[in-house]
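A short reminder: the numbers here are calculations on the coordinates, not readings from a lab. Everything quoted here is computed from the prediction, not taken from an experiment. Ideal geometry is used to build each Cβ from the backbone, glycine not excepted, and the neighbour counts take in all protein chains shown.
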Amino acid sequence: MYEELEKIKKECMSCNKCSLSKTRTNIVFSDGVANNKLMLIGEAPGYWEDQKGLPFVGKAGQLLDKIFGCVGLSREKDVYICNTIKCRPPENRDPLPEEKAACKKYLEAQIGILKPKIIMICGKVALNSLLPDNAGSITKVRGRWFDGPFNSKMMPIFHPSYLLRNDSREKGSPKWLMWQDIKEIKRVYDTLN
Ligand code: URA
C-alpha cells in the first residue's frame, strides 16, 4: 500500500499536466495515515498547504482536527486526508474543469490503492468531483450516505471554511449539522473491523 502510494506521489511531484504546476510551491499529496477505513477528500490546497506541502494545515485544517478530536479520531492515527486537486489555484479560486481533469488520476489512484470503507466528501468542489451533477447542493446532501467506489460509503460534509464563517452552534446551524454528521461517521466507523 505504502509503496504504491509513494510511486503515485513521486509521479505527482513532477506533474506538469496543467498550468497550476507553474505557480505551485509544493505538491500537496496527502497527510494522515494510509488505511482502508477512513478517507477525507477536501477541495484544493490553500496558501499554507502550498507552503508546507500538506493538506488542511491552515485555519480550516485546525478546525477539522478539532472536529475529528470531538469524536476521538485524529489524522495521526485514523484518517487519510487528501484533496480533489494537488496544487494550489492562484488566489484560492475554485479549480477549473481542466485542472480537475488533469489531476483526477491521482485522486483515483489514492482511492483505488486504499479502498477506504468510508469517504468523507468535504465541501462543494469535492462533491462535484465525486457525485453526479444532479446529486444536489452540499446543503441538501450533507449528512447522507451515498454508495462510492470499491463498496465504500461516502458522506458529503460541510467544508470547515464554511463553518469558520458561520459561528452559531444553535440547532440546525452549519456547526450543529457538522456535529450530527461527524457523530454518524464515527458510529459507522466503529462498526468496521
Ligand atoms: N481546504 C481544502 O479543501 N483543502 C486543504 O488542504 C486546505 C483547505
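The number of residues in region 75-94 that are crowded, with 23+ Cβ neighbours inside 10 Å and either among the acidic types (Asp, Glu) or touching a residue at least 60 places away in the same chain (Cβ under 8 Å) (or both) comes to 4. Restricting GLU184, GLU170 to residues that are more than 16 Å from the ligand (Cβ to nearest atom) and either among the hydroxyl-bearing types (Ser, Thr, Tyr) or outside any helix (DSSP H, G or I) (or both) narrows the list to GLU170. Take LEU5 and decide whether it is touching a residue at least 12 places away in the same chain (Cβ under 8 Å), buried (at least 20 other Cβ atoms within 10 Å of the Cβ), of a type outside the set (Lys, Arg) and away from the ligand (no atom under 11 Å from the Cβ). The answer is no for LEU5.
Can you work out which of the residues in region 47-74 that are within 12 Å of the ligand (Cβ to nearest atom) and in a loop (DSSP other than H, G, I, E, B) is surrounded by the fewest Cβ atoms within 10 Å (Cβ to Cβ)? Checking each candidate, the answer is GLY53. Per the listing ALA101, ALA109, the residue uniquely surrounded by fewer than 18 Cβ atoms within 10 Å (Cβ to Cβ) and within 14 Å of MET39 (Cα to Cα) is ALA109.
For the residues ALA34, ALA44, ALA101, the requirement of being within 26 Å of LEU131 (Cα to Cα) and within 12 Å of the ligand (Cβ to nearest atom) singles out ALA44. Just wondering, is there one or more residues in region 89-97 that are within 11 Å of the ligand (Cβ to nearest atom), touching a Phe, Trp or Tyr at 6+ places or on another chain (Cβ under 9 Å), closer than 30 Å to ARG169 by Cβ and not hydrophobic (A, V, I, L, M, F, W, C)? The answer is yes, given that some residue of region 89-97 is within 11 Å of the ligand (Cβ to nearest atom), touching a Phe, Trp or Tyr at 6+ places or on another chain (Cβ under 9 Å), closer than 30 Å to ARG169 by Cβ and not hydrophobic (A, V, I, L, M, F, W, C). Note on region 7-34: among residues that are touching a Leu at 6+ places or on another chain (Cβ under 7 Å) and part of a loop (DSSP other than H, G, I, E, B), the one that is nearest to TYR189 (Cα to Cα) is ALA34. Across region 155-193, what is the number of residues that are farther than 16 Å from VAL79 by Cα, surrounded by fewer than 18 Cβ atoms within 10 Å (Cβ to Cβ) and either free of Cβ contacts under 8 Å to residues at least 12 places away in the same chain or in contact with a strand residue (DSSP E or B) (Cβ under 8 Å, 6 or more places away or on another chain) (or both)? Count: 10.
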